[in-house]
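Following: one structure in structure tokens, then a few remarks.
The values are calculated or read from the model by the stated rules, or taken from the named source; none is laboratory data. All of these numbers come straight from a predicted model, not from anything done at the bench. As a convention, Cβ positions derive from the backbone with ideal geometry for all residues, glycine included, and neighbour counts pool all protein chains shown.
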Amino acid sequence: MNKRTSAGSKLVASPYIVWAALFIIAPLFFVVYYSFTDKGGAFTLENVQMLSKYLPTFLRSIWFGIVATIICLVIAFPMAYIISQKTDKVQRTMVMLVMLPMWMSFLIRTYSWMAILQDTGIINSFFSKIGIGQVHMINTGGAVILGMVYNFLPYMILPIYSVMAKLDYSMVEACQDLGGNRLTVIRRCIMPMSIPGVVSGITMVFVPSVSTFYISQKLGGGSFDLIGDVIERQFQQSYNYNLGASLSLVLMILILISMAVMNKFSDEGEMVI
């Protein structure tokens, strides 16, 4: 019976194994292969040596990703808490409203912000009517970060909300019975118990923020190159797959490191609880 169960389990898992081999392991192999070879397929470290040239771009990408992630967290945590305190019907409605922008194309959402932020856009037209004058917002670093926050905010709200909605509120009540006010309850009880959702949200926002390229192109006007822009150009314009793969490999390593750090904080947070 055990042998049959084991064979059945392997049979059920086989599609996943094939999927992982084709779409995870194989692409990673090709990224590593192209990173350490030249156009002729010979082994070389030239691609790795060229990475120092793009250090400012890496740092800018990480900085923009950190700022966007912090802003998303500041907005998402209280919003997720408010949603979790509502009735089931209101919760479903508010979650749907959070997810609603995700139903539209990523390109359309970004183009919409171009129309809003440009010098003749909606905001500057309103400023002109009330006598403030035009404020240059498009093609700035702030516009790029704003685009990241807008596009990736739902990925921060939903994981935190999903954890908060399942919290054991008997612990919250115990904290209140011990004399804790609302801020104390949130800081000493709700926040520690919400760490798994916070870590998931940070990961889901930071990773696409660091690797994005379309937002920086449209809202930054090409003045704020991120590492995603450089990789996209190597593959789409320069056709230098080897350098592009090398940059992708470094980016992947940075993302894995950040995920490992986040998981460590998550484990420590669970131990504190």
Requested in this report: Please report, ordered by residue number, the helices (runs of 4 or more DSSP H) entirely within segment 139-208 with at least 2 residues that are surrounded by 22 or more Cβ atoms within 10 Å (Cβ to Cβ).
Outcome: 141-164
Report task. Residues being crowded, with 17+ Cβ neighbours inside 10 Å and not in a helix (DSSP H, G or I): count how many of those fall in segment 16-73. Result -> 2
Query raised in the report: Which residues, counting only those in segment 47-71, are touching a residue at least 60 places away in the same chain (Cβ under 8 Å) and more than 21 Å from the chain's Cα centre (by Cα)?
Result: 47, 48, 50, 51, 54
Query raised in the report: Just checking, which of 94, 99 is assigned to a helix (DSSP H, G or I), modelled with pLDDT under 95 and within 30 Å of residue 182 (Cα to Cα)?
Result: 99
Query raised in the report: From 142, 180, 221, 147, which residue is under 17 Å from residue 111 (Cα atoms) and modelled with pLDDT under 90?
Result: 221
Query raised in the report: Do you know which residues across segment 112-123 are at pLDDT 90 or above and assigned to a helix (DSSP H, G or I)?
Result: 112, 113, 114, 116, 117, 123
**Report entry** Single residue of segment 32-46 satisfying the filter (more than 28 Å from the chain's Cα centre (by Cα) and polar (S, T, N, Q)) that is nearest to residue 230 (Cα to Cα)
**Finding:** 37
Query - Positions within segment 220-241 being in a helix (DSSP H, G or I) and not small (Gly, Ala, Ser), in sequence order - result: 227, 229, 230, 231, 232, 233, 234, 235, 236, 241
